[in-house]
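Comments concern the structure below.
The values are calculated or read from the model by the stated rules, or taken from the named source; none is laboratory data. All values derive from a computational prediction rather than experimental measurement. Cβ: placed from backbone, ideal geometry, glycine included. Neighbour counts: every protein chain shown. When the accessible area is computed, the model is the full protein with side chains, heavy atoms only, and any ligands, DNA or RNA have been set aside. Shrake-Rupley method; radii C 1.70, N 1.55, O 1.52, S 1.80 Å.
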Amino acid sequence: MTYTPVIELKNVTFKYKNCDKFALENVNFQVAQGDFVLLVGYSGSGKSTLLKTLNGLIPHFYSGLFGGDVKLFGESIAEKKTAQLAKTIGFVFQNPENQLSALTVEREIAFPLENFAIPRQEIRRRVNEIIALLDLEKIQDKSPFAISGGEQQLTAIGSALALDPPILVFDETTSHLSPQSATKIIKKIAELNREQGKTVILSEHRLDRNLQYVTKIAYIESGQLKAFGPPREVLHNKNYPLELYPRITSLYEQLKKVTDNFAILPEKHRKQLLAVPEPLTIDDFLLFIKGGRESV
Amino acid sequence: MIEFRDVYFRYAKKNPDVLKGISFKITDGELVALVGKNGAGKTTLLKHIIGLLKPTKGEVWINNENIIKKPISELAQTVGLAFQNPNHQLFAETVEKELAFGPKNLGMPEEEQERMVQKIAENFNITHLLQKSPLELSGGERRLVSIASVLTMGQKILVLDEPTFGQDYRQKKRLGTYLCDLRNKGITVFIVTHDIDFILDYFPRVIVLVDGQIIADGESKTILQDELLIQQADLEKPILLEIQEKVAKMTNQEYLPATSEVEFIEKFKDILLQAASQEGKK
């Protein structure tokens, strides 16, 4: 059996109308079933543009010059309508107000299902399932405009989940939220990834609190994909800028520097510390400190 | 100087109070961050500083003057504001014109305008965007331009609503350092933010607003360690502090956190050395 990636980009290139520079240039990558991909890059590097090519918003709704091919489950999306793609890929934007429209949270979640003329009972069942999954019981009858930003974002996620798409895309979904709400949303996304096998692509600036869930990092710079792979591999790629290191990794690097690669410690300790993988998350950092305290 | 004296505010007579007896004083050259849940009244409070809203009760004083009767246009020469959503603010054909708009309106000579725009653009590393239309920019870039366009006006008080939205680490560092420099020039910076790491790194004072009332006002490194306040304001501990708290727990040591990166590195260097020397004694 041949392996079919869930998402495949082949030489994807895009230039917005009236712009001289390409927003995306020959982007190639493949995402496997169950991956959790974190899309990283400076402001203006092309993150949102790249995400918009995944569900056909580009080139169908943005004018410009498009080249290359995007395949979902081996099928090119070029000929497909964005509405059809909604069954395969759920999209959550940065600002939930851009996508909420119904009178109640419940209706918002039911909306995509109604659009596909799914039987009433089935809609009922599916909506209840999502409300329970995202803990939205308390606000299900409220207007999407009378709830908090975090709740709005959860509602938008609920609506993206309605058609049970195997792929979920999040464009800086948590950046408008308070830290606690943001963490809650990321945990929920990680749960969908782990427990329901959803393939996730997420763009984010807060690396430290997300990396624990991530299987791959895609680093994009000036519209070009400069590195793609497991987090530690990408961080060590020479194209990856130090400034975009997770805070924890950067603290570790500084610690390594001031201790002269741990050479100020006894040799046994030094070896021990160097054997611990470089920390990316708070838990990793604890392991590292533990490594420095326990004998071999 | 910004001073609130027992300020109350409600949007309509029959509505409940959004601000309930707000009092604080900020002196020249202070960097202050306002935090609180969505809906706590942060943006409402901020609009009082620029005179967009007037208190239902109480007084707002800017530079020793009660601003109740001061026209917004006059106040705008003292107080600059960057909105939360840059799309509400950007309108010029190019970024360069956007940046020059404020100084031009304030009657700054053309040469000086150009110099100002160039300087700000360099400081923010956006010279490559100057000839672009603000509409061509990414979300993060727009945010930066909207802040830069306020800074070109040279006011003594700056009010920034969520300045780090969509900014990567590099830009945040630039912004933070720039704001700290302004402080040395006696410029007061007041921001509303959820970005706790940014506060700990650059903003010495924080005011916590919950349900229209100030529940804490003081040193950020103290307040950002207060579990209860953090919960009430829907915040999280800064990464720097969270690591140290967990390490203290793991090693059964007292939690006495370093609050800057430099101190943090020194502290952990000591921790490693200590562990090694204890090991040596065994």
Cα-based convex hull, the range B:1-86, per residue volume (Å³, whole number): 114
Over the range A:247-293: Kirkwood hydrodynamic radius from C-alpha pairwise inverse distances, Å: 10.5
Fluctuation leader among A:Gly149, A:Gly74, A:Gly46 - chain A, Gaussian network, Cα springs under 10 angstrom: A:Gly74
Qualifying chymotrypsin sites (Phe, Trp or Tyr not before Pro) in the range A:22-102, DSSP loop, other Cβ atoms within 10 Å at most 16: A:Phe61, A:Tyr62, A:Phe73
Antiparallel content of DSSP bridges confined to the protein assembly as shown, in %, to 5: 55
Average other protein chain Cβ within 10 Å of Cβ, residues A:106-113: 0
Volume per residue of the C-alpha convex hull in the range B:238-282, rounded to whole Å³: 64
Accessible area per residue in Å² at 1.4 Å probe, computed on the protein assembly as shown: 45
Unit charges on C-beta of K, R, D, E only; dipole of the range B:226-282, Debye: 440
Rounded Å value of the spacing that divides the Cα centres of the range B:180-198 and the range A:81-142: 40
Within chain A, percent of DSSP bridges classed antiparallel, to nearest 5: 55
Only Lys, Arg (+1) and Asp, Glu (-1) charged, at Cβ; the range B:84-154 dipole about Cα centre in debye: 240
Given charges at Cβ of Lys, Arg, Asp, Glu: the protein assembly as shown dipole, positive-most of B:Leu129, B:Gln89, B:Gln278: B:Gln89
Heavy-atom accessible surface of the protein assembly as shown: percent carbon and sulfur, 1.4 Å: 49
Computed helical MRE - 222 nm, chain A, DSSP H runs ≥ 4 contributing -39500 (n - 2.57), nearest 500: -11000 deg cm²/dmol
Fraction of alpha-carbon pairs over 12 Å apart in the range B:183-228 - percent: 66
Peptides B:226-234, B:10-18 ordered by average Cβ neighbours within 10 Å, highest first: B:226-234, B:10-18
Shielding by partners - mean other protein chain Cβ count within 10 Å, residues of B:253-265: 1
Charge dipole (the range A:219-277, unit charges on Cβ, about Cα centre) - positive-most of A:Tyr240, A:Thr259, A:Tyr219: A:Thr259
Whichever lysines have a C-alpha closer than 16 Å to that of A:Lys81, once near sequence neighbours (fewer than 8 apart) are set aside: A:Lys52, A:Lys71
The protein assembly as shown, dipole about Cα centre (Lys/Arg Cβ +1, Asp/Glu Cβ -1), debye to the nearest 20: 400
Solvent-accessible area buried by pairing A with B, both sides, nearest 100 square angstrom, 1.4 angstrom probe: 4100
Hits among lysines - C-alpha to C-alpha of B:Lys69 under 19 Å, sequence gap 8 or more where chains match: B:Lys47, B:Lys54, B:Lys57
Under 14 Å from the Cα of B:Lys269 - aspartates and glutamates, other chains or at least 8 residues apart: A:Glu253, A:Asp260, B:Glu261
In Hz, Karplus ³J(HN,Hα) per residue of the range A:110-122 (6.51, -1.76, 1.60; θ = phi - 60°; x = Gly, Pro): 6, 3, x, 5, 4, 4, 9, 6, 7, x, 3, 4, 5
Compactness relative to 2.2 N^0.38 Å, alpha carbon Rg of the protein assembly as shown: 1.02
Filter on A:Lys256/A:Lys290; A:Lys188/B:Lys246; B:Lys37/B:Lys173 - keep pairs with C-alpha separation over 21 Å: A:Lys188/B:Lys246; B:Lys37/B:Lys173
Inter-chain Cβ neighbour average for residues A:172-179, partner chain, 10 Å: 6
Per principal axis, descending, Cα span of the range A:81-236 in whole Å: 51, 33, 29
Whole-percent pair-distance distribution, where bins are 10 Å wide, for the alpha carbons of chain A: 6, 25, 30, 22, 11, 4, 1, 0
Fraction of the pair-distance distribution of chain B above 36 Å, Cα-Cα pairs, percent: 23
Scattering curve values for the range B:84-154, log₁₀ I(q)/I(0), Debye with Cα scatterers, q = 0.11 Å⁻¹: -0.21
Positive-end residue of A:Thr88, A:Leu113, A:Thr183, charge dipole of chain A with Cβ unit charges: A:Thr183
